[in-house]
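This report refers to the structure that appears directly beneath it.
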Amino acid sequence: MPPEEMLANFVGSNIIVLLLAVFVIICIFLGVRIVPQSEKFVVERFGRLRAVLGPGINFIIPFLDKVRHKISILERQLPTASQDAITMDNVLVQVETSVFYRILEPEKTVYRIRDVDGAIATTVAGIVRAEIGKMELDEVQSNRDRLISEIKSSVEDAVDNWGIEVTRAEILDVNLDQATRDAMLQQLNAERARRAQVTEAEGKRRAVELAADAQLYAAEQEAKARRITAEAEAYATEIVARVIKDNGIEAAQYEVALKQVEALRKVAEGPGTQTILLPSSALDAFGDAFKLLKRRT
């Protein structure tokens, strides 16, 4: 074989090997797919859904299978949306909402809905208006947690066919028009004034009750003192009557004489220099007392 022919055969065989090597490299490049942890790949074959590739190394058939969509499965936040709503008591409010969601089934999200964010935002707006229309303004302000829970539950039911999970729904603010704010401020001031009046009236009533209780207590103590005094006097009278009964009239005269002497002694013990005029009967009282004392001894 001539050298030229041998060289041509060698070059031709090397080209074929090179082409085969290039083909194998291309097949490997197209057949191996490394999916990040935060994504999922949707694979189609001839325009139809073939598979959904999860995180890690995945193999597909080159030239037949093709990755059409790379879907992030990270949690997403919709832009803050503001929508008007009317409460059950006909008050216009402006509600600012924010929704957080993530895609669980990319094949549903890709083939069932075109604009995911727009669809969720529209759904949330309708649900917010419907839920606020069932509540009065005071309930919207005070039961915000319950309202958020109901909105989240309703949104989850609405987007279930899209392969989406709603993780959180937040009501950032509930704004009122200026006229409603002025009316609420007047109502708040009136309520504060009413509470102040009620507190003052209760204070006065309590003061009257305490004063009445004090008077009642004083009257009870005075009555108790009078009762004790009356009991003491009655007891003393009983003792005197018993002594008279046991010892006769002389004992009574003796007791009377002693009381007269005691009275005179107290007068004499008064402060200052005093002149005491005694009637003749007082002297007789001293004499009677000494006579009776001698008889008793």
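The values are calculated or read from the model by the stated rules, or taken from the named source; none is laboratory data. Everything numeric here is computed off the predicted structure, so don't read it as measured data. Reconstructed Cβ throughout: ideal geometry from the backbone, glycine too, with neighbour counts over all protein chains shown.
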Select from the stretch 155-203 the residues that are hydrophobic (A, V, I, L, M, F, W, C) and touching a residue at least 12 places away in the same chain (Cβ under 8 Å) and list them in ascending order. Val155, Ala158, Val159, Trp162, Ile164, Val166, Ala169, Ile171, Leu172, Val174, Leu176
Look at the stretch 45-63 and say how many of its residues are surrounded by 13 or more Cβ atoms within 10 Å (Cβ to Cβ) and out of contact with any Asp or Glu (no Cβ under 7 Å at 6 or more places or on another chain). 7
When residues of the stretch 67-106 are limited to those that are part of a loop (DSSP other than H, G, I, E, B) and within 27 Å of the chain's Cα centre (by Cα), the one nearest to Trp162 (Cα to Cα): Thr87
Lone unmet requirement of (1) free of Cβ contacts under 8 Å to residues at least 60 places away in the same chain; (2) in contact with a Ser or Thr (Cβ under 9 Å, 6 or more places away or on another chain) for Asn143: (2)
Regarding Val124, is this residue modelled with pLDDT of 85 or more, touching a Phe, Trp or Tyr at 6+ places or on another chain (Cβ under 8 Å) and either buried (at least 16 other Cβ atoms within 10 Å of the Cβ) or in a helix (DSSP H, G or I) (or both)? no
From the list Glu220, Glu170, Glu209, Glu165, which residue is over 28 Å from the mean Cα position of the chain (by Cα) and in a strand (DSSP E or B)? Glu165
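Out of the residues in the stretch 18-40 that are surrounded by 12 or more Cβ atoms within 10 Å (Cβ to Cβ) and out of contact with any Pro (no Cβ under 8 Å at 6 or more places or on another chain), state the one that is nearest to Thr109 (Cα to Cα).
Once the filter is applied, the top-ranked residue is Arg33.
Within the stretch 109-121, work out how many residues are crowded, with 16+ Cβ neighbours inside 10 Å and closer than 26 Å to Arg48 by Cβ.
Final tally of qualifying residues: 5.
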Selection over the stretch 139-185 where residues are of a type in the set (A, V, I, L, M), surrounded by fewer than 16 Cβ atoms within 10 Å (Cβ to Cβ) and farther than 30 Å from Lys108 by Cβ yields a count of 4
I'm checking my understanding of the structure. Among residues of the stretch 60-94 that are under 24 Å from Ile120 (Cβ atoms) and of a type in the set (Asp, Glu), which one is modelled with the highest pLDDT? Glu75
Picking from Phe41, Phe59, Phe23, which residue would you name as being aromatic (Phe, Trp, Tyr), out of contact with any Phe, Trp or Tyr (no Cβ under 7 Å at 6 or more places or on another chain) and over 27 Å from Leu74 (Cβ atoms)? Phe23
Can you spot a residue in the stretch 133-156 that is over 19 Å from Ser82 (Cα atoms), small (Gly, Ala, Ser) and at pLDDT 85 or above? yes
For Thr97, which of the numbered conditions (1) surrounded by 13 or more Cβ atoms within 10 Å (Cβ to Cβ); (2) at pLDDT below 85 fails to hold? (2)
Please determine whether any residue of the stretch 243-252 is surrounded by 11 or more Cβ atoms within 10 Å (Cβ to Cβ), assigned to a helix (DSSP H, G or I), at pLDDT below 75 and basic (Lys, Arg). no
